[in-house]
Structure formats: C-alpha cells, structure tokens
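K.L.:
Structure in structure tokens, see below.
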Ligand code: SF4
C-alpha cells in the first residue's frame, strides 16, 4: 500500500516537473519516502534539464582556511571546535594566515579562499575585518568566500553593530561572498537537540537577506542525517526557496551529510548516512529548489565515485579541487591538488558530462 501510494505520488510529481510547476511539502515527503532511487534520480535530472540545465559540470579551485578553532558554542555534532584552554586550540594571526595563503598560491592556481572559523569570544570585529583586508590586498584577484552567517551574527554580538553594518565593513575590506554553513536544520526542535548554543535560525536568514541586498552572493546548506525528520528536511528546503524568491542571492545549495566521528553522536551509536540517502537528498534538493541554479555534490564528503553518480541525480557541481582540506596539514598539498583536477575531470567525463572549471560566481575559466 505504501509503495503504491509512493508510485502514484511520483507520477503526479513527474507531471508537475514536466510542466515546470513548483513542488510542495507533500511532494517533498513523497520523494523522501520513496525507495525507487533510480526514479528519483531520473526525475531530478529531468527537473534540472527542464529548468535549462546542460551537460556542464562545474568545479572551482580553492584554498580552505580556518583561522581559529576556538568556539563558544559547543554544537553537539562538531568535532572541530575547542575552548581556549584546550591543547588543540589555535588562533592564527592575520600575518601568518596571509603568508601561508601566499605560499600556497605560489604553488597552485586557486581562485577562491573559503574560510570558516569557530565563534571565538577572545577576538573582536577588527580581527575579521583586518584579516579580510589583508587577504584582499595580498591577493586582489582571489575571491574571498569568508565567514558563515553564524560567524557574522557572532560579530554583531562582539561589536554591537547590525548584520548589515558588519557585512558592509567586511565588503569594503574585500569580502566577496558568504559560505552556507551554520544553517544545520532550521527546525527549532532539531536545533535544541544538536546545537542548543547556536543562534535562532531567523538570524541565519537575516544575515543572508542583508548580504543579498548589499550585492554579496551567498551559499546555503543543510546538515542532514542526525535527528531530523523528513518533514524537517523538507521544511528546511522550502524556507531556503522562500528566501531565494525574496532576494535571489543564493549561488548554490550544498547538502552536507552528518559525520558522527569524534562527536557525542558516535558514542550513542549514530552511523554515517548511506549512499542511497545521500543520492536521495541531492535529488530532492534539486526537485524542490527550483530557483537555486546549482546543487553541489560535495565529493570531499561523499567520495568521488558517489559524487559522479550524483551528477545523474540533479547535481551539476562537484565543489572543487580543495587545497589542504584538513586545516594546517600542509604536506603534499600541491601534488594532491593537481592530481585531483585530473581525477575530477576523469570522473565528470566518465559520467558523460563536460567538466568546466569556474570561478566562485560561476564564470567559466576552462573547459575540457
Ligand atoms: S559554531 Fe561552528 S565551530 Fe562552533 S561548535 Fe558549532 S559547528 Fe563547531
């Protein structure tokens, strides 16, 4: 009975997709409840094409930085943060950070710096503004994708300024866009369970709204695979879609699978999401988010073989060739990065798609 209902729902969803009609909450639930993975993939790929998608698959070459892991929030899913007194705590000075980035730049041609941090209560807004300015002055042609909405909110707490005022200061210093982190799952029930110290989701939206109105594009994410229900997943996606209707500044959506290692969830027996769930989330994201042009298969998290399959489930971006994905692990970054470009190109081609290297704003830099 359940299967028959799901099949019937998929048929009505197909009709909507073919007619380019917006899907709703019930459609989202029917998609998540379906076990017909191949049908989901086919529907999502159809939706991508109906909305103008081509065979191009994008990636960017970027450098990941984390200036400080000191954080006041203590999210239960996080294995990165430390308190100031813990041995593994670090806060890198602006000078050291810039020198390090310049050294990496000499060896690799990254066009983007992606940096997120803990919410460090021991530094002020100046720390962030000076870092942004110094990175921009040292590498004016590199796009600076810095600071999650949670960090921007933290800066308003530190400075007493509004979200818009903080963003203006950072923009003037050279900020190019915001990454999508800090969204987690917007439902209050989930936030209370996994991130009770984090700000209300309204602040996440307020930050992205303000950024879009200032002409700062942003990204959006969902951290799935822990305590959230299907309803809460769909609700999260629909809230993002509503925001995009209002301001149109999201460049891409990135579904992030929860990894329980070294968190309290690992001790409680949580396991990784399955590949089937990851593919389902890519497909459902593409189907529901009809106004966000790009859906990323984050290969660093999924692994490249599954990310290549995700290209047939609605994804059109495999994120990037990441220089030093593990923070401050400098060894072997150059060779590894160059190999990864070739590897990405090979995977994309073997999926029957055209690899296109892009900049952060999806301008084409090179194609194979
Ligand atoms: S705010 Fe970010 S760095 Fe801090 S605990 Fe939460 S996820 Fe970790």
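Quick note: the coordinates plus some simple rules give every number you see, no bench work behind them. Every value quoted in this text rests on a predicted model; they were computed, and no experiment measured them. Positions of Cβ are generated from backbone atoms using ideal geometry, with glycine treated the same way; all protein chains shown enter the neighbour counts.
K.L.:
What is the antiparallel percent of DSSP beta bridges lying wholly in the chain, to the nearest 5?
P.N.:
Beta bridges within the chain, antiparallel portion: roughly 10 percent.
K.L.:
Report relative contact order for the chain in percent, whole number only (criteria: Cα-Cα under 8 Å, sequence separation at least 6).
P.N.:
Once divided by the residue count of the chain, the mean separation gives 22 percent.
K.L.:
Work out how much length residue 51 to residue 264 would gain on full extension: take 0.36 nm times their residue separation and subtract the Cα-Cα distance, in nm to one decimal. Don't skip to the end; give the middle numbers.
P.N.:
Details: separation 213, 0.36 × 213 = 76.68 nm, distance 4.14 nm.
Fully extending the segment from residue 51 to residue 264 adds 72.5 nm.
K.L.:
Computed FRET efficiency, Cβ-Cβ of residue 72 and residue 361, R0 45 Å: what is it to the nearest 0.05?
P.N.:
0.85
K.L.:
Given just the C-alpha atoms of the chain, how large is their convex hull per residue in cubic angstrom? Before the final figure, lay out the partial values.
P.N.:
Values: hull volume 48.2 nm³, N = 368.
Output value, Cα hull per residue: 131 Å³.
K.L.:
What distance in nm separates the two pseudo spin-label positions at residue 106 and residue 137, each 7 Å out from Cα along the beta-carbon direction?
P.N.:
Roughly 2.1 nm, to one decimal.
K.L.:
Using R₀ = 56 Å, calculate the FRET efficiency as 1/(1 + (r/R₀)^6) where r is the Cβ-Cβ separation of residue 33 and residue 85; round to 0.05.
P.N.:
0.75
K.L.:
Of the peptides 186-194, 62-70, how do they stack up when ordered by the mean number of other Cβ atoms within 10 Å, highest first?
P.N.:
Most protected by this proxy first, the peptides run 62-70, 186-194.
K.L.:
Now for a separate question. For an R0 of 41 angstrom, estimate the FRET efficiency from the Cβ-Cβ distance between residue 18 and residue 162 and round to the nearest 0.05.
P.N.:
That gives a FRET efficiency of 0.35.
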